[in-house]
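Here's the structure we're looking at; comments come further down.
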Amino acid sequence: MVGKKLYYEDVQVGDELPRMVKHPTTRQLVKWAGASQDWNELHYDKDVAQKAGLPNVIVQGHLTSSFLAQLVTDWMGEDGFVKKFIVNWKRFHFPGEDIVCRGKVTAKRVEGNEHIVECDLWTENAQGEVYAPHKAIVVLPSKAQ
Amino acid sequence: MTAGETVPQAALDMIGKDLVPPMTFEVEKGAIRRLAEAIEDLNPLYLDPDYARKSKHGTIIAPLLMVTTLGAPELQAALMTKIPVGPKKNGIVRGFEVEFFRPLKAGDVVTVSCKVEKIEGKESKLGFMVNITTVRTFTNQKGELIARETMAAARW
């Protein structure tokens, strides 16, 4: 979000982050493999994936987490800072399926000079089943500063 | 699975030691662009040098998790090959936590170090499982800490 500024005072516990839908293709998985230098064949070779008992190649967990990182960095604007990011993967996303990226503010507090907001982030499928629960702890600017 | 199986002493001896020798990566803006495009995250802070120059960062910065991709394949290979836990063919990374201290910037020369923090054995439905915790630190060319990652993996 170009030039966006989000203040601590403008955020309330329970606020939802604007949801974002990704629709990764096998081509995008290969682009990620090249960009990250993670050449695990489970992400682009269907034969290897099927030998491992999977129906298809799987979306890289790190790419899924990067979608959620985009969700929170877009939301917080350029003056926010992600202090901590917690990653968990529970199920595999597959290319060709929607990945719905969502988030919700769960806590806010002031620690010293830092105005801190905690968010639950997660991906879900089109049916609303949660795949990758994450958390972010974000420092936002304050109108008082 | 062997009843009463324990973690081999040779594996426990790795606690506190380097799992992967320190590695250095120069982060150039083309690599940042390729990663941002792979995510389809077209934030001008990652892609537009003029825009980024006028920002508080003064230069192109990287998407949040790019720093943790540096040396990640080497770490995943070492988790499977460098920890002597016996004939355990399966391995998985359960997740990780990252503390961030400053953004990764174009032109940074990043040193990645990786230590074994904890190794514990546990019986599970899949057999005797060895849980491994690693800590990686990412520092820039000025010796400043960019990020610290704690990763939880398992072998069985």
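Computed from the coordinates by the stated procedures, all read-outs in this text should not be read as laboratory data. Keep in mind that what you see is a predicted model, and the values were worked out from it rather than measured. Neighbour counts are summed over all protein chains in view; Cβ atoms, including those assigned to glycine, are modelled from backbone coordinates with ideal geometry.
Counting, for every residue in B:140-153, the Cβ atoms of other protein chains within 10 Å of its Cβ and taking the mean gives 1.
Computed from Cα positions, the angle between helix A:26-36 and the longest principal axis of chain A comes to roughly 60 degrees. For the peptide A:62-70, the mean number of other protein chain Cβ atoms found within 10 angstrom of a residue's Cβ is 6. Taking square-rooted eigenvalues a ≥ b ≥ c of the alpha carbon gyration tensor, is segment A:32-73 rounded, prolate or oblate, where a/c under 1.5 means rounded and, failing that, a/b exceeding b/c means prolate? Verdict is oblate for segment A:32-73. For the peptides A:133-144, A:48-59, the ranking by packing is A:133-144, A:48-59, with the highest mean count of neighbouring Cβ atoms within 10 Å listed first.
Classify chain A: rounded, prolate or oblate, from the alpha-carbon gyration tensor (a ≥ b ≥ c, eigenvalue square roots; a/c under 1.5 rounded; otherwise prolate if a/b is larger than b/c)? Spell out each step's value before the answer.
Numbers: a/c = 2.68, a/b = 2.29, b/c = 1.17.
It is prolate, given that a/c is not under 1.5 and a/b is the larger ratio.
In this Cβ point-charge picture (+1 for Lys and Arg, -1 for Asp and Glu), segment A:53-125 has a dipole of about 280 debye about its Cα centre. For segment B:25-82, the relative contact order works out to 27 percent when only alpha carbon pairs closer than 8 Å and six or more residues apart are counted. In terms of overall dimensions, the protein assembly as shown has a Cα radius of gyration and Dmax of 19.7, 63 angstrom.
Sorted on the mean count of surrounding Cβ atoms within 10 Å across their residues, most packed first, peptides B:102-112, A:31-41, B:16-26, A:16-26 read B:102-112, A:31-41, A:16-26, B:16-26. The ellipsoid that matches the Cα gyration tensor of chain B has semi-axes, each √(5λ) in whole angstrom, of 37, 15, 11, with the longest given first.
Note on B:29-38: average number of Cβ atoms from other chains within 10 Å of each residue's Cβ is 4.
The protection proxy used here, the mean number of other Cβ atoms lying within 10 Å of each residue, ranks peptides A:123-129, A:93-99 as follows, highest first: A:93-99, A:123-129. Could you state the angle between the C-alpha long axis of helix B:72-81 and the longest principal axis of the C-alpha atoms of chain B, as a value from 0 to 90 degrees rounded to the nearest 10? Helix B:72-81 sits roughly 10 degrees off the main axis of chain B.
Across segment B:52-65, rounded Karplus estimates of 3J(HN,Hα) from the backbone phi angles (6.51 cos²θ - 1.76 cosθ + 1.60, θ = phi - 60°) give 5, 4, 7, 7, 5, 7, x, 6, 4, 10, 9, x, 3, 8 Hz, Gly and Pro being marked x.
Legend: distances between Cα atoms for B:LYS88/B:LYS122; B:LYS17/B:LYS118; A:LYS51/B:LYS122; A:LYS5/A:LYS143; A:LYS51/A:LYS90; pairs beyond 19 Å are A:LYS51/B:LYS122; A:LYS51/A:LYS90.
Determine the shape class of segment B:69-156: with a ≥ b ≥ c the square roots of the Cα gyration tensor eigenvalues, call it rounded for a/c under 1.5, and otherwise prolate if a/b is greater than b/c, oblate otherwise. Prolate, because a/c is 1.5 or more and a/b exceeds b/c.
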